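Every read-out reported here was derived from the displayed coordinates using simple, explicitly stated rules and does not represent laboratory data. This structure is a prediction, so every number in the text was calculated from the model and none was measured. Heads up, the Cβs are rebuilt from the backbone with ideal geometry, glycines too, and the neighbour counts pull from every protein chain shown.
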Amino acid sequence: MRIVVLAGGIGGARFLRGLRSAAPEADVTVIGNTGDDIHLFGLKVCPDLDTVMYTLGGGIDEEQGWGRRDESFRVKSELAAYGVGPEWFGLGDRDFATHVVRTQMLGAGYPLSAVTEALCTRWNPGVRLLPMSDDRVETHVAVTLDGERRVIHFQEYWVRLRASVDAEAVVPVGADEAKPAPGVLQALAEADVILLPPSNPVVSIGTILAVPGIREAVASAAAPVVGLSPIVGGAPVRGMADKVLAAVGVESTAAAVARHYGAGLLDGWLVDTADAASAAEVEAAGIRCLAVPLMMTDTGATAAMARAALALAEEVRA
Ligand code: FO1
């Protein structure tokens, strides 16, 4: 079975771990968000691709969900001693090596998709990890700080400000001109199932869908498309998705997120049992909806979510 998953960072990566456990024989292609990418200290950092790669490859810091396990921050403090920041972004020594290799290969002319494939030969994630695009796309967020309207990088909004101010607009800069990376459209066309994990619907999956051709390829794919709600009981399970949902005028409820994706994209939607009452509203929007536990507390619980998504895909295919 060929499964294609559109994934952001921590939520996407943990879901993929459950999926691999639920369907070990499946051929899984991951289309990763690169809108969170940032250039720091002359290096290209791809947080979501790395989070998927490290999580599936066994190198992730399990507790925080991003960055390397057993990490140290000597390079960062040496840079700070030179007055070179930003200090608010935690790049560790082990992680630095990944960005050095990536930047070196990009500088030598390799596209990000080839670089990602090369990095994955070390980590063996057990999936084919594709960036959504080889072209530069950067998510920016419009905010008002000290009475002044500013547009800042998504990482500054997320990490430095901890989404503490309203996101007035979210813009995937460069997405309009970006092309899907090699293999992306083909994987979607040949998929047996397409899954949208409980990743951020705006800045993760929304950014992937903003690359011209990808939304159309998902919507027109022969495969059933099933998503899992990142909102449980009216709040994001993790992160600050409510802030960026508000920026696009979407309420933070499981049903509102399903309607945001729409019946043109989604065939099936899983909500948490806490939101079982909203299933009728989702079905009224033309999307088959079931309520199952959606807390990724461990790989067993996450594998059960993946099995439920695959079963729903079979049901809507019939
Ligand atoms: N998240 C944080 O909350 N603080 C950090 O300092 C931080 C650093 C970081 C470095 C590399 C990396 O791959 C991810 C990192 N993240 C950090 C996670 C990242 O900001 C986001 O969670 C994602 O971009 C959203 O998916």
Among residues belonging to segment 60-102 that are surrounded by fewer than 17 Cβ atoms within 10 Å (Cβ to Cβ) and small (G, A, S), point out the one that is nearest to the ligand (Cβ to nearest atom).
G90
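Among the listed residues T207, T144, which satisfies the condition of being in contact (Cβ under 8 Å) with a residue 24 or more places away in the chain and under 19 Å from G239 (Cβ atoms)? Steps first, answer last, please.
Details: T144 fails: under 19 Å from G239 (Cβ atoms).
That would be T207, the only listed residue that is in contact (Cβ under 8 Å) with a residue 24 or more places away in the chain and under 19 Å from G239 (Cβ atoms).
Of the residues that make up segment 227-241, is at least one among the polar types (S, T, N, Q), in contact (Cβ under 8 Å) with a residue 24 or more places away in the chain and part of a helix (DSSP H, G or I)? Break it down into steps so the answer makes sense when it comes.
Going through segment 227-241, the residues among the polar types (S, T, N, Q) turn out to be 229.
This time we only want the ones that are in contact (Cβ under 8 Å) with a residue 24 or more places away in the chain, so: 229.
Okay, now just the ones that are also part of a helix (DSSP H, G or I), so none.
For segment 227-241, residues among the polar types (S, T, N, Q), in contact (Cβ under 8 Å) with a residue 24 or more places away in the chain and part of a helix (DSSP H, G or I): absent.
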Residues that are within 17 Å of S199 (Cα to Cα), touching a residue at least 60 places away in the same chain (Cβ under 8 Å) and under 23 Å from the mean Cα position of the chain (by Cα): find the helices (runs of 4 or more DSSP H) completely inside segment 253-318 holding 2 or more of those.
299-317
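Table: residues versus (1) away from the ligand (no atom under 16 Å from the Cβ); (2) under 30 Å from G90 (Cα atoms); (3) crowded, with 23+ Cβ neighbours inside 10 Å.
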residue	(1), (2), (3)
R149	yes, yes, no
E156	no, yes, no
R162	no, yes, no
V173	no, yes, no
E177	yes, no, no
N200	no, yes, yes
I208	no, yes, yes
R215	yes, no, no
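Does A223 satisfy the condition of being within 16 Å of the ligand (Cβ to nearest atom) and either under 22 Å from F15 (Cβ atoms) or in contact with a Pro (Cβ under 8 Å, 6 or more places away or on another chain) (or both)?
No; evaluated as a whole, the condition is false for this residue.
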Looking at (1) under 24 Å from T139 (Cα atoms); (2) surrounded by 16 or more Cβ atoms within 10 Å (Cβ to Cβ), find the lone condition where A26 falls short.
(1)
I need the full set of residues from segment 48-59 which are more than 9 Å from the ligand (Cβ to nearest atom) and touching a Lys or Arg at 6+ places or on another chain (Cβ under 7 Å), in order please.
T55, L56, G59
For segment 57-65, does any single residue satisfy the condition of being over 19 Å from P197 (Cα atoms), of a type in the set (D, E, K, R), free of Cβ contacts under 8 Å to residues at least 40 places away in the same chain and in contact with an Asp or Glu (Cβ under 9 Å, 6 or more places away or on another chain)?
yes
